[in-house]
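A short write-up of the structure that comes next.
The values are calculated or read from the model by the stated rules, or taken from the named source; none is laboratory data. The shown structure was predicted, so the numbers you read here are calculated from the model rather than taken from an experiment. All Cβ positions, even for glycine, are placed from backbone atoms using ideal geometry, and neighbour counts span all protein chains on display. Please note that ligands, DNA and RNA were not included when accessible areas were found on the heavy atoms of the full protein model with its side chains. Shrake-Rupley method; radii C 1.70, N 1.55, O 1.52, S 1.80 Å.
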Amino acid sequence: MIKIYKMDQWMLIKKSTICSFILPSVILCTVIVLHNLNKSNSFTSITQKQSLTEHNQSAIYQVTNDNSQHVNANEEKACDLFVGKWIRDFKESNYNNWTCPTLPTLKNCLKHGKDSDYIYWRWKPDNCELPRFDPSMFLRAVQRKKLAFIGDSLARNQMESLLCLLSQLETPVNKHRDADDKFQTWYFPSHDFTLMVMWTEFLVVGNERIVNGTASNAFDIHLDKVNGNWSDKLAGIHYAIISSGNWFFRTNYLYKGGYLIGCIYCRDSNLTDYGPVYAIKNALSTSLGFISKCKECEEMVTVLRTYTPSHFEHGSWFDGGYCNRTQPLSESEVMSLNGRHAWRIRESQVEEFGKIVQSVEKKKKKFVLLDVSKAMMLRADGHPGSHWPRVRDVSDCLHWCLPGPVDLWNELLMVILNK
(Lines give C-alpha, C1' and ligand atoms only; values in the text may rest on other atoms or scores of the structure.)
Protein backbone atom coordinates (compact mmCIF):
# COMPACT_ATOMS: atom_id res chain seq x y z
CA MET A 1 0.00 0.00 0.00
CA ILE A 2 1.33 3.43 -0.93
CA LYS A 3 0.93 5.88 1.92
CA ILE A 4 -0.15 9.45 1.14
CA TYR A 5 1.38 12.18 3.26
CA LYS A 6 0.58 15.87 3.60
CA MET A 7 3.01 18.78 3.58
CA ASP A 8 3.12 22.46 4.50
CA GLN A 9 4.90 24.66 1.99
CA TRP A 10 6.58 21.51 0.62
CA MET A 11 8.88 21.23 3.65
CA LEU A 12 9.18 18.11 5.77
CA ILE A 13 9.08 18.65 9.52
CA LYS A 14 11.53 16.36 11.26
CA LYS A 15 10.50 14.60 14.48
CA SER A 16 12.86 11.91 15.63
CA THR A 17 12.73 9.26 12.89
CA ILE A 18 9.06 9.73 12.07
CA CYS A 19 7.69 12.08 9.40
CA SER A 20 5.05 14.51 10.67
CA PHE A 21 3.32 17.03 8.42
CA ILE A 22 1.07 20.05 8.86
CA LEU A 23 -1.64 20.88 6.32
CA PRO A 24 -2.31 24.51 5.31
CA SER A 25 -5.78 25.83 6.00
CA VAL A 26 -6.84 26.43 2.41
CA ILE A 27 -5.08 24.83 -0.54
CA LEU A 28 -6.82 23.70 -3.70
CA CYS A 29 -3.80 22.64 -5.73
CA THR A 30 -3.42 18.85 -5.75
CA VAL A 31 0.10 17.48 -6.08
CA ILE A 32 1.15 13.87 -5.89
CA VAL A 33 4.94 13.76 -6.03
CA LEU A 34 7.65 16.27 -5.11
CA HIS A 35 11.35 15.62 -4.96
CA ASN A 36 13.81 17.75 -3.08
CA LEU A 37 15.34 20.66 -4.98
CA ASN A 38 18.90 20.30 -3.73
CA LYS A 39 21.54 21.15 -6.31
CA SER A 40 23.63 18.02 -5.91
CA ASN A 41 24.92 16.65 -9.21
CA SER A 42 25.74 13.24 -7.77
CA PHE A 43 23.51 10.57 -9.24
CA THR A 44 24.56 8.07 -6.59
CA SER A 45 24.18 10.31 -3.56
CA ILE A 46 20.73 11.49 -4.60
CA THR A 47 19.28 8.17 -5.64
CA GLN A 48 20.77 5.79 -3.08
CA LYS A 49 18.43 4.43 -0.44
CA GLN A 50 18.32 6.99 2.38
CA SER A 51 16.09 7.98 5.27
CA LEU A 52 13.33 10.35 4.19
CA THR A 53 13.38 12.24 7.47
CA GLU A 54 17.15 12.60 7.56
CA HIS A 55 17.69 13.80 4.01
CA ASN A 56 14.35 15.26 2.91
CA GLN A 57 14.89 13.29 -0.29
CA SER A 58 11.36 12.85 -1.56
CA ALA A 59 7.79 12.10 -0.65
CA ILE A 60 4.57 10.92 -2.12
CA TYR A 61 1.76 13.06 -0.79
CA GLN A 62 -1.45 14.85 -1.57
CA VAL A 63 -2.56 18.32 -0.55
CA THR A 64 -6.28 19.10 -0.39
CA ASN A 65 -8.53 21.76 1.08
CA ASP A 66 -9.42 19.57 4.05
CA ASN A 67 -7.59 21.00 7.05
CA SER A 68 -8.98 18.46 9.49
CA GLN A 69 -6.72 15.59 8.49
CA HIS A 70 -3.33 14.95 10.04
CA VAL A 71 -0.86 12.15 9.67
CA ASN A 72 -0.53 9.83 12.62
CA ALA A 73 3.05 9.91 13.89
CA ASN A 74 3.08 6.11 13.86
CA GLU A 75 2.19 5.87 10.15
CA GLU A 76 4.74 4.17 7.95
CA LYS A 77 7.02 6.28 5.82
CA ALA A 78 6.02 7.36 2.37
CA CYS A 79 7.32 5.28 -0.51
CA ASP A 80 9.05 6.94 -3.44
CA LEU A 81 8.23 4.88 -6.52
CA PHE A 82 11.04 6.54 -8.45
CA VAL A 83 13.92 5.42 -6.23
CA GLY A 84 14.80 1.78 -6.67
CA LYS A 85 16.60 -0.70 -8.89
CA TRP A 86 16.00 -3.11 -11.76
CA ILE A 87 15.63 -6.73 -10.69
CA ARG A 88 15.33 -9.93 -12.68
CA ASP A 89 11.74 -10.88 -13.53
CA PHE A 90 11.02 -13.72 -15.96
CA LYS A 91 7.31 -13.03 -16.25
CA GLU A 92 6.34 -12.40 -19.87
CA SER A 93 5.54 -8.84 -20.90
CA ASN A 94 1.91 -7.73 -21.20
CA TYR A 95 2.11 -7.75 -25.01
CA ASN A 96 4.37 -8.68 -27.90
CA ASN A 97 4.66 -7.99 -31.60
CA TRP A 98 1.93 -10.57 -32.27
CA THR A 99 -0.64 -9.29 -29.79
CA CYS A 100 -0.23 -5.53 -30.35
CA PRO A 101 -1.58 -4.53 -33.76
CA THR A 102 -0.32 -0.94 -33.41
CA LEU A 103 3.29 -1.76 -32.54
CA PRO A 104 5.49 0.33 -34.91
CA THR A 105 8.16 -1.52 -36.83
CA LEU A 106 10.82 1.00 -35.74
CA LYS A 107 10.38 -0.13 -32.12
CA ASN A 108 9.79 -3.82 -32.90
CA CYS A 109 13.24 -4.88 -31.75
CA LEU A 110 12.49 -8.59 -31.41
CA LYS A 111 11.32 -8.74 -35.02
CA HIS A 112 14.67 -7.29 -36.08
CA GLY A 113 16.76 -9.79 -34.15
CA LYS A 114 17.35 -8.28 -30.71
CA ASP A 115 17.78 -10.86 -27.97
CA SER A 116 14.77 -10.91 -25.65
CA ASP A 117 16.86 -10.86 -22.46
CA TYR A 118 16.34 -7.09 -22.03
CA ILE A 119 12.61 -7.70 -21.42
CA TYR A 120 13.11 -9.75 -18.27
CA TRP A 121 13.82 -6.96 -15.82
CA ARG A 122 11.40 -5.17 -13.54
CA TRP A 123 11.65 -1.87 -11.67
CA LYS A 124 11.57 -2.43 -7.90
CA PRO A 125 11.09 0.66 -5.66
CA ASP A 126 13.21 0.44 -2.54
CA ASN A 127 10.40 0.45 0.03
CA CYS A 128 7.29 -0.87 -1.70
CA GLU A 129 5.95 -2.83 -4.66
CA LEU A 130 4.97 -1.24 -7.95
CA PRO A 131 1.71 -2.75 -9.26
CA ARG A 132 1.94 -4.41 -12.65
CA PHE A 133 0.11 -2.67 -15.43
CA ASP A 134 -3.60 -3.52 -15.47
CA PRO A 135 -5.40 -2.27 -18.60
CA SER A 136 -8.78 -2.62 -16.89
CA MET A 137 -7.65 -0.46 -13.97
CA PHE A 138 -6.14 2.15 -16.28
CA LEU A 139 -9.20 2.39 -18.52
CA ARG A 140 -11.51 2.70 -15.53
CA ALA A 141 -9.43 5.63 -14.30
CA VAL A 142 -9.66 7.45 -17.65
CA GLN A 143 -13.20 6.52 -18.63
CA ARG A 144 -14.95 9.39 -20.43
CA LYS A 145 -11.66 11.34 -20.41
CA LYS A 146 -9.06 12.66 -22.84
CA LEU A 147 -5.32 12.12 -22.30
CA ALA A 148 -2.60 13.75 -24.41
CA PHE A 149 1.13 13.13 -24.62
CA ILE A 150 2.85 16.40 -25.52
CA GLY A 151 6.48 16.36 -26.63
CA ASP A 152 8.86 14.87 -29.17
CA SER A 153 9.31 11.30 -30.42
CA LEU A 154 9.83 10.01 -26.87
CA ALA A 155 6.38 11.29 -25.94
CA ARG A 156 5.13 9.34 -28.95
CA ASN A 157 7.16 6.34 -27.73
CA GLN A 158 5.22 6.41 -24.45
CA MET A 159 1.92 6.74 -26.30
CA GLU A 160 2.82 3.73 -28.47
CA SER A 161 3.60 1.74 -25.34
CA LEU A 162 0.26 2.69 -23.78
CA LEU A 163 -1.60 1.74 -26.96
CA CYS A 164 -0.07 -1.72 -26.83
CA LEU A 165 -0.77 -2.15 -23.12
CA LEU A 166 -4.41 -1.07 -23.42
CA SER A 167 -5.07 -2.99 -26.64
CA GLN A 168 -4.82 -6.22 -24.67
CA LEU A 169 -8.26 -5.34 -23.29
CA GLU A 170 -9.83 -3.22 -26.02
CA THR A 171 -8.79 -2.56 -29.61
CA PRO A 172 -8.44 1.20 -30.19
CA VAL A 173 -9.89 3.02 -33.20
CA ASN A 174 -7.61 5.40 -35.08
CA LYS A 175 -9.48 8.70 -35.46
CA HIS A 176 -6.65 10.85 -36.80
CA ARG A 177 -3.08 10.40 -37.95
CA ASP A 178 -0.98 12.88 -39.89
CA ALA A 179 1.55 11.86 -42.54
CA ASP A 180 4.49 11.95 -40.11
CA ASP A 181 2.68 10.35 -37.14
CA LYS A 182 3.37 13.53 -35.16
CA PHE A 183 -0.27 14.12 -34.32
CA GLN A 184 -2.45 11.11 -33.59
CA THR A 185 -5.81 10.49 -31.96
CA TRP A 186 -7.04 7.08 -30.82
CA TYR A 187 -10.39 6.19 -29.31
CA PHE A 188 -11.47 3.37 -27.00
CA PRO A 189 -15.25 3.26 -27.56
CA SER A 190 -16.18 0.91 -24.71
CA HIS A 191 -14.65 3.34 -22.22
CA ASP A 192 -15.23 6.58 -24.14
CA PHE A 193 -11.52 7.28 -23.73
CA THR A 194 -9.50 9.40 -26.16
CA LEU A 195 -5.72 9.06 -26.37
CA MET A 196 -3.69 11.67 -28.25
CA VAL A 197 -0.13 12.66 -29.03
CA MET A 198 0.90 16.21 -30.00
CA TRP A 199 4.30 16.92 -31.46
CA THR A 200 6.58 19.69 -30.23
CA GLU A 201 10.37 19.60 -30.25
CA PHE A 202 10.94 22.21 -27.53
CA LEU A 203 7.50 22.93 -25.97
CA VAL A 204 8.21 26.55 -26.94
CA VAL A 205 8.41 27.99 -30.46
CA GLY A 206 11.28 26.63 -32.51
CA ASN A 207 11.82 27.51 -36.19
CA GLU A 208 14.40 25.65 -38.24
CA ARG A 209 16.93 27.88 -39.97
CA ILE A 210 16.95 27.63 -43.73
CA VAL A 211 20.35 28.20 -45.35
CA ASN A 212 20.51 28.59 -49.13
CA GLY A 213 17.10 26.94 -49.42
CA THR A 214 18.14 23.91 -47.34
CA ALA A 215 17.09 22.96 -43.83
CA SER A 216 20.10 23.43 -41.57
CA ASN A 217 19.04 21.27 -38.57
CA ALA A 218 19.63 24.37 -36.41
CA PHE A 219 16.70 26.13 -34.76
CA ASP A 220 15.74 29.58 -33.54
CA ILE A 221 14.18 28.83 -30.15
CA HIS A 222 11.99 31.48 -28.53
CA LEU A 223 12.26 30.55 -24.88
CA ASP A 224 9.42 32.83 -23.79
CA LYS A 225 6.84 31.84 -26.45
CA VAL A 226 4.84 28.65 -25.93
CA ASN A 227 4.28 26.54 -29.07
CA GLY A 228 0.68 26.84 -30.27
CA ASN A 229 0.83 23.38 -31.86
CA TRP A 230 -0.10 22.01 -28.45
CA SER A 231 -1.06 25.00 -26.32
CA ASP A 232 -3.99 25.86 -28.59
CA LYS A 233 -5.41 22.35 -28.21
CA LEU A 234 -5.66 21.98 -24.42
CA ALA A 235 -9.38 22.69 -24.13
CA GLY A 236 -11.23 19.51 -23.15
CA ILE A 237 -8.11 17.55 -22.20
CA HIS A 238 -8.20 15.98 -18.74
CA TYR A 239 -4.60 14.70 -18.53
CA ALA A 240 -1.58 16.24 -20.27
CA ILE A 241 1.77 14.42 -20.04
CA ILE A 242 4.47 16.86 -21.14
CA SER A 243 8.17 16.22 -21.77
CA SER A 244 11.12 17.63 -23.65
CA GLY A 245 14.89 17.69 -23.77
CA ASN A 246 16.55 15.78 -26.59
CA TRP A 247 16.09 18.35 -29.38
CA PHE A 248 18.16 20.89 -27.49
CA PHE A 249 21.37 18.94 -28.11
CA ARG A 250 22.31 20.53 -31.40
CA THR A 251 23.26 23.98 -32.69
CA ASN A 252 20.36 26.20 -31.62
CA TYR A 253 19.91 29.95 -31.23
CA LEU A 254 18.08 31.30 -28.21
CA TYR A 255 15.68 34.24 -28.14
CA LYS A 256 13.83 36.16 -25.44
CA GLY A 257 11.54 39.08 -26.10
CA GLY A 258 12.24 38.65 -29.80
CA TYR A 259 15.97 39.29 -29.33
CA LEU A 260 18.81 36.85 -29.86
CA ILE A 261 20.42 36.31 -26.44
CA GLY A 262 22.74 33.38 -27.05
CA CYS A 263 23.04 29.90 -28.45
CA ILE A 264 23.74 26.23 -27.82
CA TYR A 265 26.86 24.73 -29.44
CA CYS A 266 27.10 27.55 -32.01
CA ARG A 267 30.84 28.33 -31.74
CA ASP A 268 30.10 32.00 -32.40
CA SER A 269 32.47 34.24 -30.48
CA ASN A 270 29.85 37.02 -30.44
CA LEU A 271 27.25 34.87 -28.68
CA THR A 272 27.10 33.32 -25.23
CA ASP A 273 26.78 29.54 -25.32
CA TYR A 274 24.26 28.87 -22.57
CA GLY A 275 24.19 25.10 -23.09
CA PRO A 276 21.17 22.77 -23.17
CA VAL A 277 20.31 22.85 -19.45
CA TYR A 278 19.61 26.59 -19.45
CA ALA A 279 17.39 26.33 -22.52
CA ILE A 280 15.48 23.25 -21.32
CA LYS A 281 14.81 24.88 -17.96
CA ASN A 282 13.58 28.15 -19.47
CA ALA A 283 11.39 26.44 -22.06
CA LEU A 284 9.79 24.32 -19.34
CA SER A 285 9.25 27.37 -17.13
CA THR A 286 7.42 29.11 -19.97
CA SER A 287 5.27 26.05 -20.68
CA LEU A 288 4.30 25.35 -17.07
CA GLY A 289 3.60 29.04 -16.57
CA PHE A 290 1.26 29.03 -19.54
CA ILE A 291 -0.63 26.03 -18.20
CA SER A 292 -0.92 27.60 -14.76
CA LYS A 293 -2.75 30.58 -16.29
CA CYS A 294 -4.74 28.61 -18.89
CA LYS A 295 -8.44 29.35 -18.39
CA GLU A 296 -9.50 26.53 -20.74
CA CYS A 297 -7.74 23.84 -18.73
CA GLU A 298 -8.83 24.49 -15.16
CA GLU A 299 -9.66 20.82 -14.55
CA MET A 300 -6.62 19.43 -16.37
CA VAL A 301 -3.99 17.38 -14.55
CA THR A 302 -0.51 18.19 -15.89
CA VAL A 303 2.06 15.40 -15.59
CA LEU A 304 5.72 16.34 -16.11
CA ARG A 305 7.73 13.36 -17.33
CA THR A 306 11.39 13.99 -16.55
CA TYR A 307 14.29 13.77 -18.97
CA THR A 308 15.67 10.47 -20.25
CA PRO A 309 19.01 10.48 -22.10
CA SER A 310 20.26 8.50 -25.03
CA HIS A 311 22.93 5.84 -24.49
CA PHE A 312 25.20 6.28 -27.51
CA GLU A 313 28.78 5.14 -27.03
CA HIS A 314 31.77 6.13 -29.18
CA GLY A 315 29.75 8.57 -31.26
CA SER A 316 26.18 9.62 -31.89
CA TRP A 317 23.49 9.16 -34.55
CA PHE A 318 25.49 9.66 -37.72
CA ASP A 319 29.11 9.20 -36.66
CA GLY A 320 29.28 5.59 -35.62
CA GLY A 321 27.62 5.73 -32.20
CA TYR A 322 26.15 2.47 -30.95
CA CYS A 323 24.53 0.85 -27.90
CA ASN A 324 25.14 -2.86 -27.50
CA ARG A 325 24.76 -3.32 -23.73
CA THR A 326 22.94 -6.50 -22.74
CA GLN A 327 21.86 -5.69 -19.18
CA PRO A 328 21.10 -2.63 -17.03
CA LEU A 329 24.03 -0.40 -16.14
CA SER A 330 25.52 -0.04 -12.71
CA GLU A 331 25.41 3.45 -11.22
CA SER A 332 29.16 3.88 -11.81
CA GLU A 333 28.65 2.99 -15.48
CA VAL A 334 25.91 5.61 -15.71
CA MET A 335 28.39 8.24 -14.60
CA SER A 336 30.87 7.17 -17.26
CA LEU A 337 28.18 7.68 -19.92
CA ASN A 338 27.66 11.38 -19.18
CA GLY A 339 25.16 10.64 -16.44
CA ARG A 340 26.01 13.77 -14.47
CA HIS A 341 24.87 15.98 -17.33
CA ALA A 342 21.60 14.08 -17.70
CA TRP A 343 21.02 14.33 -13.95
CA ARG A 344 21.53 18.12 -14.05
CA ILE A 345 18.79 18.33 -16.66
CA ARG A 346 16.49 16.25 -14.48
CA GLU A 347 17.27 18.48 -11.49
CA SER A 348 16.49 21.64 -13.47
CA GLN A 349 13.11 20.19 -14.45
CA VAL A 350 12.29 19.21 -10.87
CA GLU A 351 13.25 22.72 -9.75
CA GLU A 352 10.85 24.33 -12.23
CA PHE A 353 8.17 21.85 -11.19
CA GLY A 354 8.61 22.91 -7.57
CA LYS A 355 8.32 26.58 -8.48
CA ILE A 356 5.09 26.14 -10.39
CA VAL A 357 3.57 24.04 -7.62
CA GLN A 358 4.20 26.83 -5.12
CA SER A 359 2.88 29.50 -7.47
CA VAL A 360 -0.47 27.76 -8.04
CA GLU A 361 -1.17 26.52 -4.54
CA LYS A 362 -4.19 28.82 -4.21
CA LYS A 363 -5.56 27.98 -7.64
CA LYS A 364 -7.46 24.95 -8.80
CA LYS A 365 -4.53 23.56 -10.76
CA LYS A 366 -3.01 20.10 -10.56
CA PHE A 367 0.61 19.18 -11.34
CA VAL A 368 2.23 15.78 -10.96
CA LEU A 369 5.84 14.66 -11.37
CA LEU A 370 6.59 11.46 -13.28
CA ASP A 371 10.26 11.07 -12.44
CA VAL A 372 11.64 8.31 -14.65
CA SER A 373 15.17 9.69 -15.01
CA LYS A 374 17.08 7.35 -12.70
CA ALA A 375 15.29 4.22 -13.86
CA MET A 376 15.92 4.96 -17.54
CA MET A 377 19.50 6.17 -17.13
CA LEU A 378 20.26 2.60 -16.06
CA ARG A 379 18.67 0.92 -19.11
CA ALA A 380 21.22 1.28 -21.89
CA ASP A 381 20.17 -2.21 -22.99
CA GLY A 382 16.59 -1.20 -23.81
CA HIS A 383 17.12 0.70 -27.09
CA PRO A 384 16.73 -0.68 -30.61
CA GLY A 385 20.42 -0.09 -31.32
CA SER A 386 21.08 -1.88 -34.60
CA HIS A 387 17.83 -3.87 -34.36
CA TRP A 388 15.55 -1.67 -36.45
CA PRO A 389 15.15 -0.84 -40.19
CA ARG A 390 18.45 1.02 -40.30
CA VAL A 391 19.50 3.73 -42.72
CA ARG A 392 23.24 3.98 -43.45
CA ASP A 393 24.07 1.66 -40.54
CA VAL A 394 22.73 4.17 -38.01
CA SER A 395 21.93 2.81 -34.53
CA ASP A 396 18.97 4.09 -32.52
CA CYS A 397 20.15 4.58 -28.93
CA LEU A 398 17.51 7.17 -28.01
CA HIS A 399 14.10 5.54 -28.43
CA TRP A 400 12.92 2.46 -26.56
CA CYS A 401 12.03 -1.04 -27.73
CA LEU A 402 8.43 -2.23 -27.44
CA PRO A 403 7.86 -4.10 -25.27
CA GLY A 404 10.60 -2.77 -23.04
CA PRO A 405 11.65 -0.46 -20.20
CA VAL A 406 9.44 2.36 -21.50
CA ASP A 407 6.40 0.36 -20.34
CA LEU A 408 7.45 1.33 -16.81
CA TRP A 409 6.39 4.92 -17.55
CA ASN A 410 2.81 3.79 -18.01
CA GLU A 411 2.86 1.55 -14.94
CA LEU A 412 3.81 4.62 -12.94
CA LEU A 413 1.22 6.70 -14.78
CA MET A 414 -1.43 4.15 -13.84
CA VAL A 415 -0.58 4.59 -10.15
CA ILE A 416 -0.69 8.38 -10.51
CA LEU A 417 -4.07 8.39 -12.22
CA ASN A 418 -5.54 6.09 -9.60
CA LYS A 419 -4.40 8.44 -6.84
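Filtering CYS164, CYS109, CYS128 for residues that are open to solvent by less than 10 Å² (accessible area, probe 1.4 Å) and either assigned to a loop (DSSP other than H, G, I, E, B) or without any contact (Cβ under 8 Å) to a residue 24 or more places away in the chain (or both) leaves a single hit, CYS109. Of everything listed in (1) more than 21 Å from the chain's Cα centre (by Cα); (2) of a type outside the set (A, V, I, L, M, F, W, C); (3) closer than 25 Å to HIS399 by Cα; (4) surrounded by 15 or more Cβ atoms within 10 Å (Cβ to Cβ), the single unmet condition for ASN174 is (4). Of all residues in region 364-386, those satisfying the criterion of being under 15 Å from LEU412 (Cβ atoms), in contact with a Pro (Cβ under 8 Å, 6 or more places away or on another chain) and part of a helix (DSSP H, G or I) are ALA375, MET376. Among the residues of region 385-405, those identified as under 14 Å from the mean Cα position of the chain (by Cα) and either within 17 Å of GLN327 (Cβ to Cβ) or of a type in the set (Lys, Arg) (or both) are TRP400, PRO405.
Kindly indicate the residue of region 302-316 that is farther than 30 Å from LYS233 by Cα and in contact (Cβ under 8 Å) with a residue 12 or more places away in the chain and also least open to solvent (accessible area, probe 1.4 Å) among those meeting that condition. So that I can check it myself, show each step before the final result.
First pass over region 302-316, keeping only residues farther than 30 Å from LYS233 by Cα: 311-316.
Okay, now just the ones that are also in contact (Cβ under 8 Å) with a residue 12 or more places away in the chain, so 311-313.
Details: HIS311: 9, PHE312: 32, GLU313: 25 Å².
If we take residues in region 302-316 being farther than 30 Å from LYS233 by Cα and in contact (Cβ under 8 Å) with a residue 12 or more places away in the chain, then HIS311 is least open to solvent (accessible area, probe 1.4 Å).
Could you list, in sequence order, the residues of region 379-393 that are open to solvent by 10 Å² or more (accessible area, probe 1.4 Å) and among the hydrophobic types (A, V, I, L, M, F, W, C)?
Restricting attention to region 379-393, the residues satisfying the condition of being open to solvent by 10 Å² or more (accessible area, probe 1.4 Å) are 386-393.
Of everything in region 379-393, those that are open to solvent by 10 Å² or more (accessible area, probe 1.4 Å) and among the hydrophobic types (A, V, I, L, M, F, W, C) turn out to be TRP388, VAL391.
Restricted to region 242-269, and to residues there that are open to solvent by less than 20 Å² (accessible area, probe 1.4 Å) and not in a loop (DSSP other than H, G, I, E, B), the residue that is farthest from THR306 (Cα to Cα) is GLY262.
All conditions in (1) part of a strand (DSSP E or B); (2) surrounded by fewer than 11 Cβ atoms within 10 Å (Cβ to Cβ) hold for ASP180, with the sole exception of (1).
Does region 39-48 include one or more residues that are of a type outside the set (S, T, N, Q), part of a loop (DSSP other than H, G, I, E, B), modelled with pLDDT of 95 or more and out of contact with any His (no Cβ under 6 Å at 6 or more places or on another chain)?
Of the residues in region 39-48, the ones of a type outside the set (S, T, N, Q) are 39, 43, 46.
Now drop any that are not part of a loop (DSSP other than H, G, I, E, B), which leaves 39.
Applying the additional criterion that residues be modelled with pLDDT of 95 or more yields none.
No, the conditions are met nowhere in region 39-48.
Every condition in (1) within 16 Å of the chain's Cα centre (by Cα); (2) open to solvent by less than 10 Å² (accessible area, probe 1.4 Å) holds for VAL415 except the one numbered (2). The numbered conditions (1) open to solvent by 10 Å² or more (accessible area, probe 1.4 Å); (2) under 17 Å from the mean Cα position of the chain (by Cα) are all true for ASP319 except (2).
Listed here are the residues, each with its yes/no results for (1) free of Cβ contacts under 8 Å to residues at least 60 places away in the same chain; (2) closer than 26 Å to GLU92 by Cα; (3) not aromatic (Phe, Trp, Tyr).
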position	(1), (2), (3)
LYS355	no, no, yes
PHE367	no, no, no
LEU378	no, yes, yes
TRP400	no, yes, no
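Scan region 195-217 and tell me whether some residue there is among the basic types (Lys, Arg) and in a strand (DSSP E or B). For region 195-217, residues among the basic types (Lys, Arg) and in a strand (DSSP E or B): present.
Out of GLU333, GLU299, GLU361, GLU352, report the one residue that is outside any loop (DSSP other than H, G, I, E, B), open to solvent by 20 Å² or more (accessible area, probe 1.4 Å) and of a type in the set (Asp, Glu). Break it down stepwise before answering.
Working: GLU299 fails: outside any loop (DSSP other than H, G, I, E, B); GLU361 fails: outside any loop (DSSP other than H, G, I, E, B); GLU352 fails: open to solvent by 20 Å² or more (accessible area, probe 1.4 Å).
Exactly one residue qualifies, and that residue is GLU333.
Taken over region 136-152, residues that are out of contact with any helix residue (DSSP H, G or I) (no Cβ under 8 Å at 6 or more places or on another chain) and of a type outside the set (A, V, I, L, M, F, W, C) amount to 4.
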